[in-house]
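Novice: Once you've had a glance at the structure underneath, I'll fire off some questions.
The values are calculated or read from the model by the stated rules, or taken from the named source; none is laboratory data. Treat the numbers as computed from the prediction; the structure is a model and nothing was measured. Cβ placement follows ideal geometry from the backbone for every residue including glycine, while neighbour counts extend to all protein chains displayed. Quick note on the areas: whole protein, heavy atoms, side chains included, nothing else; ligands and nucleic acids left out. Shrake-Rupley method; radii C 1.70, N 1.55, O 1.52, S 1.80 Å.
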Amino acid sequence: MKIRSILRIALLATPLFLASCHSHKKTVEVQPQPVTPQVMEQTKFIEKVNSTVQTAQFVSSKLKFTVEYGPQQITLTGNLRMKRNDVIRLQLMAFGFVEAGRMEFTKDYVLIMDRINKQYLKAPYNYVDFLRNSGINFYTLQALFWDELFVPGKQGVDSTSVSRFVTTNSGGEDVVINLDEGKMSYSWLANEQSGRIKMANIAYRDSYNGNTQLNWDYRGFDKMGSKLFPNDMVATLTTPEKEVKLGIKLTYLGNDSDWETRTTVSDKYREVTVDEILRRVMSL
């Protein structure tokens with residue numbers, strides 16, 4: 001497969017993932033739960049899950065990035081660099097040494113660069129309706145990469161948010177954690193003993209257009225400091241028309257902090273719009 005075709009699939013898969021998580025729900029006022037033994041038990045388990053979160057400020061790693069789309073499967077290598085509560089950056093390499101594309105997620109915007117064709121997309125989260133209306137933002141993406149719980153639209157899970165989760169024993173060694181908001185539902189599968197999350201799911205229910213879901217599986221972990229960090233993840237997007245699977249494998253996990261946390265786009269690059277990117281995705 002030509003490098004242009006490979007890069008096209010890899011770079012355009014991410015906006016498709018983001019576009020899938022849309023919702024047009026209204027804000028619902030959350031009523032506090034009464035403090036019962038069941039609520040106390042749920043709160044204790046959520047606190048256990050939160051205690052497994054990696055505390056390092058910087059995470060860096062070599063990256064193996066696999067995209068499966070229909071009969072097509074491609075693999076790229078690259079680098080992953082993250083700064084806690086600030087930025088997530090994936091650099092995709094061609095031939096093992098040439099940067100072909102870059103995806104950068106900050107607290108304020110999404111940047112996707114196609115270095116082969118010298119074009120880019122840069123848009124704030126609140127500019128994209130389906131991200132703003134569903135509460136999907138930087139902190140949601142960070143939680144998925146870091147194997148954490150999240151509350152849509154919030155920076156993290158604080159003491160006032162814990163009561164919004166509902167836990168159910170799956171009948172085995174795992175506990176299901178649910179958070180429902182209108183047409184959106186969020187769920188996690190966590191080990192009862194360790195509290196470590198094994199799977200996250202974001203689902204959008206639409207009886208007219210069909211349901212869409214993003215499933216994020218954690219298949220492996222590696223030691224980083226005193227805690228573990230996910231190093232083998234598979235994200236699967238399923239829509240009524242398409243299924244895209246992204247594999248993310250990390251090696252040589254570290255805490256490199258010697259890098260610029262923001263990318264400057266050269267004047268030689270042509271900016272494309274969100275609509276243009278989505279049209280290309282839908283035509284794949």
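Novice: In segment 20-41, is there at least one residue being surrounded by fewer than 13 Cβ atoms within 10 Å (Cβ to Cβ) and either at pLDDT 80 or above or in a strand (DSSP E or B) (or both)? Walk me through it before giving the result.
Specialist: Going residue by residue through segment 20-41, those that are surrounded by fewer than 13 Cβ atoms within 10 Å (Cβ to Cβ) are 24, 26-32, 34-38, 40-41.
Imposing the further condition that a residue be either at pLDDT 80 or above or in a strand (DSSP E or B) (or both) reduces the set to 41.
Yes.
Novice: Hey, another quick one. Is it true that K154 is at pLDDT below 95 and exposed (fewer than 14 other Cβ atoms within 10 Å of the Cβ)? Steps first, answer last, please.
Specialist: Working: at pLDDT below 95: yes; exposed (fewer than 14 other Cβ atoms within 10 Å of the Cβ): no.
No; evaluated as a whole, the condition is false for this residue.
Novice: What residue, of K48, K122, K44, K107, is touching a residue at least 60 places away in the same chain (Cβ under 8 Å) and either within 30 Å of S226 (Cα to Cα) or among the acidic types (D, E) (or both)? Walk me through it before giving the result.
Specialist: Numbers: K122 fails: either within 30 Å of S226 (Cα to Cα) or among the acidic types (D, E) (or both); K44 fails: touching a residue at least 60 places away in the same chain (Cβ under 8 Å); K107 fails: touching a residue at least 60 places away in the same chain (Cβ under 8 Å).
After ruling out the rest, the residue left standing is K48.
Novice: Okay, moving on. Restricting attention to segment 78-117, which residues are assigned to a loop (DSSP other than H, G, I, E, B), modelled with pLDDT of 90 or more and open to solvent by 40 Å² or more (accessible area, probe 1.4 Å)? Steps first, answer last, please.
Specialist: At the first step, the residues of segment 78-117 found to be assigned to a loop (DSSP other than H, G, I, E, B) are 84-86, 95-97, 107-108, 115-117.
Subset that is modelled with pLDDT of 90 or more: 84-86, 107-108.
Residues satisfying the conditions are R84, N85, K107, D108.
Novice: All but one of (1) more than 19 Å from the chain's Cα centre (by Cα); (2) small (G, A, S); (3) at pLDDT 85 or above hold for A143, so report the exception by its number.
Specialist: (1)
Novice: With the requirement that a residue be touching a residue at least 24 places away in the same chain (Cβ under 8 Å) and either surrounded by fewer than 17 Cβ atoms within 10 Å (Cβ to Cβ) or part of a strand (DSSP E or B) (or both), what does segment 165-182 give you? Let's see the steps before the verdict.
Specialist: Looking only at segment 165-182, we keep the residues that are touching a residue at least 24 places away in the same chain (Cβ under 8 Å), and these are 165-167, 174-175, 177, 179, 181-182.
Once the filter is applied, which keeps residues that are touching a residue at least 24 places away in the same chain (Cβ under 8 Å) and either surrounded by fewer than 17 Cβ atoms within 10 Å (Cβ to Cβ) or part of a strand (DSSP E or B) (or both), segment 165-182 yields V166, T167, D174, V175, I177, L179, E181, G182.
Novice: Say whether the condition of being of a type in the set (S, T, Y) and farther than 17 Å from A203 by Cβ is met by at least one residue in segment 140-152. Even if it seems obvious, please write down each step before you answer.
Specialist: Narrowing segment 140-152 to residues of a type in the set (S, T, Y): 140.
Next, from what is left, pick out any that are farther than 17 Å from A203 by Cβ: none.
No, segment 140-152 has no match at all.
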